[in-house]
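Here is the structure we will look at.
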Amino acid sequence: MKSFATLITACIIAIWIGAIALVAIQNAAPISLKFLAFQTIELPFGLLIAFSVILGILGTAILQPLLGLSPQSNDDL
């Protein structure tokens, strides 16, 4: 069962990478983000999405143990 979960995780990551690559190729024009008084340098849209996904994955991986949301393992299965 653990190898199936690993396979599903790898498939999801591969789909994300493929989607980011597709969007990056189609939207190569540089853009800049504006939030309140802050503005980023101009970067390609696909690169901004890739940074956002990586930041979300890392943030989730760091916050789950800190908030006690880690999945409990069932040794009975």
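The values are calculated or read from the model by the stated rules, or taken from the named source; none is laboratory data. These figures come from a predicted structure and were not determined experimentally. Heads up, the Cβs are rebuilt from the backbone with ideal geometry, glycines too, and the neighbour counts pull from every protein chain shown.
Numbers for the structure displayed
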read-out	value
Output for the range 1-13, where each listed residue is more than 15 Å from the chain's Cα centre (by Cα) and either closer than 19 Å to F51 by Cα or outside any helix (DSSP H, G or I) (or both)	M1
Residue match in the range 36-45 (condition: of a type in the set (S, T, N, Q) and either modelled with pLDDT under 85 or assigned to a helix (DSSP H, G or I) (or both))	yes
The range 14-27 - residue that is loosely packed, with under 11 Cβ neighbours inside 10 Å and either within 11 Å of the chain's Cα centre (by Cα) or hydrophobic (A, V, I, L, M, F, W, C) (or both) and, of those, nearest to L47 (Cα to Cα)	I25
